[in-house]
Amino acid sequence: MRSSRVWQRPTLGAVAARAGVSTATVSNALNGTGRLSEPTRQRVLSAARELGYAPLPGP
């Protein structure tokens with residue numbers, strides 16, 4: 001029997017949950033904005049890499 005699970009693109013919320021921060025903190029870390037400590041920024045970037053997070057292409 002085959003699995004019916006389909007891979008879904010990781011969300012900002014999934015990265016936030018993995019890193020233990022808010023979605024706003026994830027957004028700031030990924031965009032290089034906001035006042036974040038370096039350990040927090042690295043934790044978010046690591047979580048994004050682990051999950052395979054990539055932003056959707058822009059217009």
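No value in this document is a laboratory result; all are computed from the given coordinates. Note that the coordinates shown come from a computational prediction; the quantities given were computed from them, not determined experimentally. Here Cβ is always computed from backbone atoms with ideal geometry, including for glycine, and neighbour counts include all displayed protein chains.
Only helical runs count toward this figure. For the chain, summing -39,500 (n - 2.57) over DSSP H runs of n ≥ 4 and dividing by all residues gives -15500 deg cm²/dmol at 222 nm.
Which of (i) 1.08; (ii) 1.45; (iii) 0.95 is the computed Rg/Rh (Cα atoms, Kirkwood Rh) for the structure on display? Correct label is (i). Using R0 = 25 Å, the C-beta based FRET efficiency linking residue 33 and residue 11 works out to 0.80. Note on the chain: dipole from Cβ charges, positive end direction compared against 8, 51, 28; the farthest Cα belongs to 8. Karplus-derived 3J(HN,Hα) values for segment 17-33, using 6.51 cos²θ - 1.76 cosθ + 1.60 with θ = phi - 60°, are 5, 5, 8, x, 9, 7, 5, 5, 5, 4, 4, 4, 5, 6, 8, x, 10 Hz; glycine and proline are entered as x.
Of the peptides 13-21, 30-38, how do they stack up when ordered by the mean number of other Cβ atoms within 10 Å, highest first?
Numbers: 13-21: 17.4, 30-38: 10.1.
So the peptides 13-21, 30-38, ranked by packing, come out 13-21, 30-38.
For segment 49-56, the Karplus equation 6.51 cos²θ - 1.76 cosθ + 1.60, evaluated at θ = phi - 60°, returns couplings of 5, 4, 7, x, 5, 9, x, 5 Hz by residue, with Gly and Pro reported as x.
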